[in-house]
Each structure stands twice: as structure tokens, then as C-alpha cells.
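Chemist: My questions will all concern the structure given below.
The values are calculated or read from the model by the stated rules, or taken from the named source; none is laboratory data. All of these numbers come straight from a predicted model, not from anything done at the bench. Quick reminder, even Gly has a Cβ in these numbers, built from the backbone with ideal geometry, and neighbours come from all protein chains shown.
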Amino acid sequence: MWNFPTPLPDELIYSTIARAGLHHGIQSPKQLLDEVYQDRKVVATIDLPSHLNAIVHLLERTGCFTLIDLIYKHTMFGLYAPFVQESHRQKAIILMAEQASGSIHLMLGLNASRVPNNTKFHYCPICIQQQRETYGEYFWNRAWFLPNLSICLKHNCSLLSQDYIQQQHRHLFLPLLPNQTQDSAHSYYKEDFILGQMAVDLLQLDPQSSPSYEQWTRFYLEIADAKNFRRGNHVCHDQTYEQVINKFNDVYLKSKNLGIDPDQDTSWFRSIFRKHRKAFSFLEHCIVWSSFIPEMSPKEIMQYVGSISTTPYFVKRPISTENVPPIKIREIRQKWQNIVLLHGVTTGRNIKSGQAIYMWLYRNDQNWLLTFNSRHLSQPQVRKNKVNWLIRDFSITKELFKVLYRSNDDLACPRMSKNWFLNQLSKGNSISKHLHQLPLSSKFLSTYYEDTMTYQIRRITHAMIKLGYTQSSTTDRWRILRLAGLSKERITQEAQIFLNMICEKKIYAH
């Protein structure tokens, strides 16, 4: 594509591609993909796009944009990169350069996060007027897409939300056209501005290596220690809870899906002050930072965490039985053997008589204990089939027929592919993984799915009806093709024959 637009400050790559389509007058999403990526299967992704090497190639003439520049300055990558392992950060960058197949969100923890992703488009009504005055056009600013924070920090106001939901068309790059939609304002809390500022500061960080889990563990123990909330290696969670609640009330935390139950031992808030074994979301980190160290900026925090020694904080004590009399070792081993033979390993270490023996062996004779236990593990029971697949197959097939009857006469319906049918069901993703156990459903999908040829003929028919034609001529061909969203390059042979028949010609009129 010639004259690909240059990304504006803090503009999302998604927005740059949408502006490219607008500048070149390209209405077809697939045609835009052809021009930009030479690939019609690329999914329009707002926050963490892939295939960025293609964009770097289009911007070579500027000499200003490298792959790292695009990732850190024009995507939401900066919100997640500091909190994952360095190997994951590096791999995510590689995936964003080429085809990722959705694995970036999985790798960075977005799919399992407690913080919901944005599903709608947001913008600030004051910012867009300034964009128009400064740049002469509108664009999507990445500061408007902070997950769970629908505010504009620059103007201290709520963002407006467009009715269009991205999932309605997975290949469409939607430009910002505020006058074409009915927009609604979002409610917000004053605490949103505290977290929002920290999130924007994270986005502005320069590319850097991610701290290790050991460094994050040491850091959170240190900030608890600075408030005198530690007793040896134990963190006083009641006191840390009070510290956060004084800054963010419980109603606010629950509104962000980050409520803290002070009595729940496995809550995210307690886990963040323990040994880190997984990444936490940027909001969870920012809540703790602003409660314990509000005077430090995210940049200063990241510099400090990166400087912490990587020596593991929890050092495993060496295990040795050199100073224990051999007769005592034999006695305790025999007691544990008797308990395991009578109750099994799992039950044996939970009963009163077995707890102390198990703990002594674990601390003093661990190698023997683990070897013995591995030989006496109970055999797993054969899992019973909890699902009657025959009944489920009948039920799913009935639902599929309902979808077919409901949509069969709708000429404007999207292509009724196998995936489309499954997506109309409440648990389509789960069903797609068990089609080998659902013969009737599989037969339905193989019989009633709509191939490309049939879909194109239906689109041509719909265009004819929409144009109100009862008879057509060769001069009407371009109107039919345009309304049907087809071109001479992409039309199938069967659809071409059908179009020729209704236009009473055998070849295209040029």
C-alpha cells in the first residue's frame, strides 16, 4: 500500500490501519487486509495486534518506526510486559511480529485475568476536538482503552462509548467517526484517576527487561516490612488489608472485580505478598503501589524492582540425618510405613497420628520419604462418564435445526459455516472439541453448512432484491457486485454463471 499513514502520538496500530482504509476509500474489510497485510485472514485486534512486521515494512520510508517502537508506543503491550517472565515478554514480541493465532493474550494472562477486557470503543469528546484542530482527523488514542478504566486523565471526564462491538466483524478496522453513532457516557469513580495515571505511566515506560518472580516477591515483602506489617517471614495480612481499604473502599474494588475478602486465604491480595508463582494484572499491582508507596512513580518502582538481587528470598534448608541416631530413623520410618499401608499416603499425612511423623520425615529424611510415598500412591480410579453423549447429541442437533430454520430465509445472514452454527449455541467452543462424540451434530454440520459458492449466490440474490430489480442488464452488473460485496477477482465460477444468467449474458461486460 502506498502512502500508508504515519501513526500519530499514542495512536493504536488498529486506528492507523482504519485511517489507511479511510484515506484510500476502501470499504471492504477484506480488501483492506489485502492491501496492508497481503493476508485476508488477519483479525482486527485493538490491544495486542500481530503481523506488525508488515506495518514496519510499510513505514520504512519514515525511518522512525521499528518493531519495538510500534509495540511499546502504539499498542497496550506496556500494561502487561513488566509483570510476566522475561522469556514470555520476548516470545510475545516475536509473536506480535508475525502470525500469533491469539496466543499473545493467552501468554500475557489476559484470558484468565480478573480484569475484564474492553469490548466497546471509547473516546473523549474533548480530545477528539483537539485532534481535529491539531491533526485534521480523528484517531483512537490508546489511553482510552485502559481495561476497566473509562476515563480521560487529560480532561478529568468520563469517556463516551460507541454502540459498535468489535466482535460483530472480526476483520473490520473501524475508524473513529463520532458523528455516525449514538454514544453513551460511562460512570466513573474518583479512584479511577489514581489507577489511570499509573496505568498511563506504565504505557510510557521505555522497553526494558521484565523483573523475575523472585524480584517481585522480595519487593512486596520489603514494602510490607517498611510499614512494619511483618513478623519474621510472616506478613500480617489484616494490617495490609486495612492499608488498602483506607485508600480504596470495598465497593470500588468490587466494581473492578478485585474485591478482597479479608478471611479468604487464597485471595489475590494475600497472594501478591507471598512467593510469586504467576503474574498479577497491572490493576492489582497499581492498587498495592498507590496504597503503600504513593510517592513513587511506576518508572521508579520498575527501576527499583529491577535492581533487587535475584537470589531467592526463600532459601531451602539443607536436609541431613547425620546427627540423628540410626535407630530413631528406623523407628520413625517403620511407623510411617505402617500408617501408609493402613491408610494410604494422602489420608496418612492428614490423620492425627501421621501428621507429626510425616513432618519429621519431610524435614529430616525427605529423599527416603518421597521415594517410599511414590511407590505407594493409590491408583487413580477410572473416571466415570459423566455425560450421556447420546442425549446431548440429540439436544444439540435440535438446537442446530432451530438455528437453521430461524436463519434459512434471512438473505442478509452471514455465511452459515460450521463455525457460525456452533457460535450460535451457548457452549459452541466446548461442543467443537467433542464433535467426535456427537455423530448427529457432525452430520448436520457437514450437510447444512454453507460453502463459499452458495454464500456468494445468496449475496447476489439479496442484492437483486434490495435494488428492486425484476430484470437486469449488463449495465446493472457493477451495482449488484458492489452491493453484494463481491469483485471479479473473488467471485466463484458458479456464482459468475448465476450472475450471467440473471443478466442474460455469458461473459462480463467491460
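Chemist: So which pairs qualify, if the first residue must be in the range 341-358 and part of a loop (DSSP other than H, G, I, E, B), the second must be aliphatic (A, V, I, L, M), the Cβ gap must be under 8 Å, and the two must be at least 6 apart or on different chains?
Modeler: Short answer, once both residue conditions are applied: I351/I339.
Chemist: I've got another one for you. Of everything in the range 403-450, what is outside any helix (DSSP H, G or I), over 31 Å from the mean Cα position of the chain (by Cα) and either surrounded by 15 or more Cβ atoms within 10 Å (Cβ to Cβ) or among the aliphatic types (A, V, I, L, M) (or both)? Give them in sequence order.
Modeler: Initial filter on the range 403-450 (outside any helix (DSSP H, G or I)): 408-417, 424-427, 433-434, 438, 449-450.
Still in the running and over 31 Å from the mean Cα position of the chain (by Cα): 408-411.
Listed by number, the list holds a single entry, L411.
Chemist: Test of understanding: among R459, R477, R490, which residue is crowded, with 18+ Cβ neighbours inside 10 Å and more than 22 Å from N408 (Cα to Cα)? So that I can check it myself, show each step before the final result.
Modeler: Details: R459 fails: more than 22 Å from N408 (Cα to Cα); R490 fails: crowded, with 18+ Cβ neighbours inside 10 Å.
Being crowded, with 18+ Cβ neighbours inside 10 Å and more than 22 Å from N408 (Cα to Cα) holds for just one of R459, R477, R490, which is R477.
Chemist: While we're looking at this one, here's another question. Based on what the data block shows, is I68 touching a strand residue (DSSP E or B) at 6+ places or on another chain (Cβ under 9 Å), surrounded by fewer than 22 Cβ atoms within 10 Å (Cβ to Cβ) and touching a residue at least 40 places away in the same chain (Cβ under 8 Å)? Give the derivation first.
Modeler: Details: touching a strand residue (DSSP E or B) at 6+ places or on another chain (Cβ under 9 Å): no; surrounded by fewer than 22 Cβ atoms within 10 Å (Cβ to Cβ): yes; touching a residue at least 40 places away in the same chain (Cβ under 8 Å): yes.
Criteria not met by I68.
Chemist: With the structure loaded, tell me whether I26 is assigned by TED's automatic domain parsing to the domain that holds Y123, at pLDDT 95 or above, at negative phi and in contact with a helix residue (DSSP H, G or I) (Cβ under 9 Å, 6 or more places away or on another chain) or whether it fails that test.
Modeler: Details: assigned by TED's automatic domain parsing to the domain that holds Y123: yes; at pLDDT 95 or above: no; at negative phi: yes; in contact with a helix residue (DSSP H, G or I) (Cβ under 9 Å, 6 or more places away or on another chain): yes.
So I26 fails the test.
Chemist: L12 is checked against (1) farther than 30 Å from G485 by Cβ; (2) in contact with a Lys or Arg (Cβ under 7 Å, 6 or more places away or on another chain) and fails just one. What number does that condition carry?
Modeler: Single failed check for L12: (1).
Chemist: Restricted to the range 99-119, and to residues that are out of contact with any strand residue (DSSP E or B) (no Cβ under 7 Å at 6 or more places or on another chain) and either among the hydroxyl-bearing types (S, T, Y) or not in a loop (DSSP other than H, G, I, E, B) (or both), which residue is surrounded by the fewest Cβ atoms within 10 Å (Cβ to Cβ)? Step through it out loud before you land on a result.
Modeler: At the first step, the residues of the range 99-119 found to be out of contact with any strand residue (DSSP E or B) (no Cβ under 7 Å at 6 or more places or on another chain) are 99-118.
If we keep only those that are either among the hydroxyl-bearing types (S, T, Y) or not in a loop (DSSP other than H, G, I, E, B) (or both) too, we end up with 101, 103-107, 113.
Values: S101: 10, S103: 14, I104: 23, H105: 18, L106: 12, M107: 20, S113: 20.
Filtering first and then ranking leaves S101.
Chemist: What number of residues within the range 399-429 are modelled with pLDDT of 90 or more, within 15 Å of T447 (Cβ to Cβ) and not small (G, A, S)?
Modeler: Adding up the residues that qualify gives 10.
Chemist: Scan the range 83-98 for residues that are over 16 Å from the mean Cα position of the chain (by Cα) and part of a helix (DSSP H, G or I) and report the count. Can you show your working first?
Modeler: Of all residues in the range 83-98, those over 16 Å from the mean Cα position of the chain (by Cα) come to 85-87, 90, 94, 97-98.
Add one more test, that the residue is part of a helix (DSSP H, G or I), and what stays is 86-87, 90, 94, 97.
Of the residues in the range 83-98, 5 are over 16 Å from the mean Cα position of the chain (by Cα) and part of a helix (DSSP H, G or I).
Chemist: Are there any pairs, at least 6 apart or on different chains, whose C-beta atoms fall under 9 Å, with the first in the range 230-241 and in the same structural domain as I260 (by TED's automatic domain parsing) and under 15 Å from F269 (Cα atoms) and the second among the charged types (D, E, K, R) and not in a helix (DSSP H, G or I), and if so, which?
Modeler: Taking only residues 6 or more apart or on different chains, the pairs are V235/R274; C236/R230; H237/D265; Q239/K227; T240/K227.
Chemist: Taking the range 451-471, which residues are part of a helix (DSSP H, G or I), under 14 Å from S417 (Cα atoms) and out of contact with any helix residue (DSSP H, G or I) (no Cβ under 8 Å at 6 or more places or on another chain)? Steps first, please.
Modeler: Step one: of the range 451-471, the residues part of a helix (DSSP H, G or I) are 452-467.
Still in the running and under 14 Å from S417 (Cα atoms): 452-456, 458.
Passing the criteria: T452, T454, Y455, R458.
Residues checked against (1) hydrophobic (A, V, I, L, M, F, W, C); (2) in contact (Cβ under 8 Å) with a residue 24 or more places away in the chain; (3) closer than 20 Å to P49 by Cβ:
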| site | (1), (2), (3) |
| --- | --- |
| P125 | no, yes, no |
| Q129 | no, no, no |
| E133 | no, no, no |
| R142 | no, yes, yes |
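Chemist: Scan the range 245-257 and tell me whether some residue there is basic (K, R) and assigned to a loop (DSSP other than H, G, I, E, B). Lay out the reasoning, then the answer.
Modeler: Keep residues of the range 245-257 that are basic (K, R), which gives 247, 254, 256.
Now drop any that are not assigned to a loop (DSSP other than H, G, I, E, B), which leaves 247, 256.
For the range 245-257, residues basic (K, R) and assigned to a loop (DSSP other than H, G, I, E, B): present.
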